[in-house]
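The values are calculated or read from the model by the stated rules, or taken from the named source; none is laboratory data. Remember, it's a predicted structure, so these values are computed and weren't measured experimentally. Heads up, the Cβs are rebuilt from the backbone with ideal geometry, glycines too, and the neighbour counts pull from every protein chain shown. These accessible areas exclude ligands, DNA and RNA; they are computed on the full protein's heavy atoms, side chains included. Shrake-Rupley method; radii C 1.70, N 1.55, O 1.52, S 1.80 Å.
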Amino acid sequence: MLSRWMSGSSRNLDREYNCTVRLLDDSEYTCTIQRDAKGQYLFDLLCHHLNLLEKDYFGIRFVDPDKQRHWLEFTKSVVKQMRAQPPFTMCFRVKFYPTDPAALKEEITRYLVFLQIKRDLYHGRLLCKTSDAALLAAYILQAEIGDYDPGKHPEGYSSKFQFFPKHSEKLERKIAEIHKSELSGQTPATSELNFLRKAQTLETYGVDPHPCKDVSGNAAFLAFTPFGFVVLQGNKRVHFIKWNEVTKMKFEGKTFYLYVSQKEEKKIVLTYFAPTPEACKHLWKCGIENQAFYNGRVAKEVMESSAKIKREPPEIHRAGLVPSRSCPSITHGPRLSSVPRTRRRAVHISIMEGLESLRDSAHSTPVRSASHGDAFAGPGRSGRAESSERVAVIADESYSPADSVLPTPVAEHSLELMLLSRQANGAPCSIEEEKESEAGTPAAEAEGELRALCPGAGGLGPAQAQQVNKFLLSVLRLLLVTVGLLFVLLLLLIVLTESDLDTAFFRDIRQTPEFEQFHYQYFCPLRRWFACKLRAVVNLLIDT
């Protein structure tokens with residue numbers, strides 16, 4: 001029986017699983033992995049397939065059977081993260097948008113970021129005014145079909161391609177006009193570079209929206225960008241918080257809290273409600289990872305590492321722009337232009353030209369932040385400072401990304417919202433928990449407590465007093481030993497839960513929100529701190 005069990009376990013470990021990863025150009029990469037293969041193994045396979053060295057900006061996304069999106073964790077087994085039955089389907093996407101995409105070292109990396117931003121434009125995640133929309137679409141045309149040729153491109157040729165969720169005939173004519181007259185002679189690489197430079201100046205660059213509700217029950221989209229945390233509500237951006245102002249993020253069930261500390265010691269807490277606890281956990285995890293990437297040294301170290309790349313530029317196989325092409329991707333809809341033009345609704349697309357004077361809300365004080373364009377100056381951002389106090393209007397219609405967020409049922413939290421809004425009304429919440437009043441404990445009170453423990457101790461003789469002292473010392477020793485054992489057991493439990501030991505008990509612990517929060521907020525930073533100190537000691541020993 002033991003040999004049969006061992007042989008069965010061996011066959012289970014050797015089992016191979018089929019994986020299909022949909023790439024940014026809508027092609028598919030298929031491979032097989034073993035049961036214990038980590039996410040890093042699959043990601044390295046993809047990067048090798050794409051000839052990609054600047055890997056840190058990218059990730060693998062998948063959707064579970066409950067339609068909840070996740071980013072694949074590289075340190076964990078792929079099979080254990082997938083709740084669906086094999087074969088597994090995932091998507092290769094940009095996870096951390098470069099602060100300055102035009103400054104990326106290699107053309108292959110810029111091309112992949114270009115493909116991602118093109119998807120963002122199509123799905124409504126990247127919003128802009130009409131003139132910018134026309135210019136971006138013209139750059140795409142130039143990059144993917146080349147110079148305008150009257151023999152190949154008849155009147156109305158730009159209408160055969162769909163760059164946005166909805167657009168008007170006027171916008172189509174403007175796209176064709178720019179493509180004909182302004183972009184002739186640009187190579188695909190040059191057009192993509194100009195596209196990136198323009199897209200990077202837009203206020204919604206890098207937005208990956210998470211649908212939520214505020215404490216009043218109003219719908220909102222929360223997003224993390226290279227420059228900070230934003231809240232999009234209706235057709236306005238109601239909050240923009242720089243990364244260095246975010247002091248803490250946490251979640252409890254469906255509730256997400258963002259703790260903010262601004263100048264003049266102004267502290268607020270923003271409270272939002274996700275559709276499900278899983279969606280809230282995903283929102284929190286994205287926030288933690290984005291803050292660690294952009295607010296620490298990670299982004300700087302990534303750029304420094306990219307600068308050291310020395311190799312011949314890899315060949316890029318660009319996918320041409322094909323009219324009426326149907327795409328099987330999870331997050332990318334079909335590019336169909338066969339809808340009669342009379343049925344297309346004209347949409348005026350506008351851009352945020354500055355920050356809104358943030359309104360008072362039930363769950364926070366007004367927040368005023370300088371535009372991230374001031375902190376990250378770049379091409380086309382010089383005019384932002386003049387309009388920084390205007391109302392920040394995103395578009396004439398409410399912000400509503402098409403397929404960027406898969407549908408998840410949003411429960412109505414009427415009673416929960418009412419209770420929480422009572423707590424949030426009035427003065428803003430403090431960033432730190434309210435401190436308990438600290439009362440002084442004089443020596444006389446300590447003596448009184450000792451007398452309470454040992455009634456009649458004041459009249460004890462020397463021998464009796466010595467016995468009492470021995471008893472107290474033994475109790476104190478027992479207490480210290482008990483605390484030490486509990487501490488050791490706690491450390492052992494942490495080590496076992498953070499290990500790859502796969503038992504039902506530890507698996508259940510790892511799936512709890514409290515463990516996930518402890519893992520990302522305390523264990524990972526502590527592990528990095530110890531590793532840094534260990535490297536410093538090793539380097540010191542080597543130098544000596």
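Overview of results
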| read-out | value |
| --- | --- |
| Conditions (1) open to solvent by 60 Å² or more (accessible area, probe 1.4 Å); (2) within 18 Å of the chain's Cα centre (by Cα): number failed by Arg93 | (1) |
| Selection status of Thr99, in contact (Cβ under 8 Å) with a residue 60 or more places away in the chain, open to solvent by 10 Å² or more (accessible area, probe 1.4 Å) and either assigned to a helix (DSSP H, G or I) or out of contact with any strand residue (DSSP E or B) (no Cβ under 7 Å at 6 or more places or on another chain) (or both) | yes |
| Some residue of region 58-67 being out of contact with any Cys (no Cβ under 8 Å at 6 or more places or on another chain), surrounded by fewer than 19 Cβ atoms within 10 Å (Cβ to Cβ) and basic (Lys, Arg) | yes |
| Any hit, region 231-249, residues being of a type in the set (Ser, Thr, Tyr), surrounded by fewer than 21 Cβ atoms within 10 Å (Cβ to Cβ) and either over 17 Å from the mean Cα position of the chain (by Cα) or within 24 Å of Tyr122 (Cβ to Cβ) (or both) | no |
| So Phe518, is it without any contact (Cβ under 8 Å) to a residue 24 or more places away in the chain, aromatic (Phe, Trp, Tyr), surrounded by 10 or more Cβ atoms within 10 Å (Cβ to Cβ) and closer than 24 Å to Ala292 by Cβ | yes |
| Residue within region 75-84 that is closer than 27 Å to Thr276 by Cα, assigned to a helix (DSSP H, G or I) and open to solvent by less than 10 Å² (accessible area, probe 1.4 Å) present | yes |
| Condition met for Gly228 (touching a residue at least 60 places away in the same chain (Cβ under 8 Å), buried (at least 20 other Cβ atoms within 10 Å of the Cβ) and under 23 Å from Tyr522 (Cα atoms)) | yes |
| Those residues of region 282-314 which are of a type in the set (Val, Ile, Thr), more than 30 Å from Lys254 (Cβ to Cβ) and either free of Cβ contacts under 8 Å to residues at least 12 places away in the same chain or open to solvent by 20 Å² or more (accessible area, probe 1.4 Å) (or both), in sequence order | Ile309 |
| Counted residues, region 126-144 - those being open to solvent by 20 Å² or more (accessible area, probe 1.4 Å) and under 26 Å from Cys47 (Cβ atoms) | 1 |
| Matching entry among Leu53, Leu46 (being outside any loop (DSSP other than H, G, I, E, B), in contact (Cβ under 8 Å) with a residue 40 or more places away in the chain and under 24 Å from the mean Cα position of the chain (by Cα)) | Leu46 |
| Residue identified as open to solvent by 50 Å² or more (accessible area, probe 1.4 Å) and either closer than 22 Å to Asp208 by Cβ or not in a loop (DSSP other than H, G, I, E, B) (or both) among Tyr29, Tyr41 | Tyr41 |
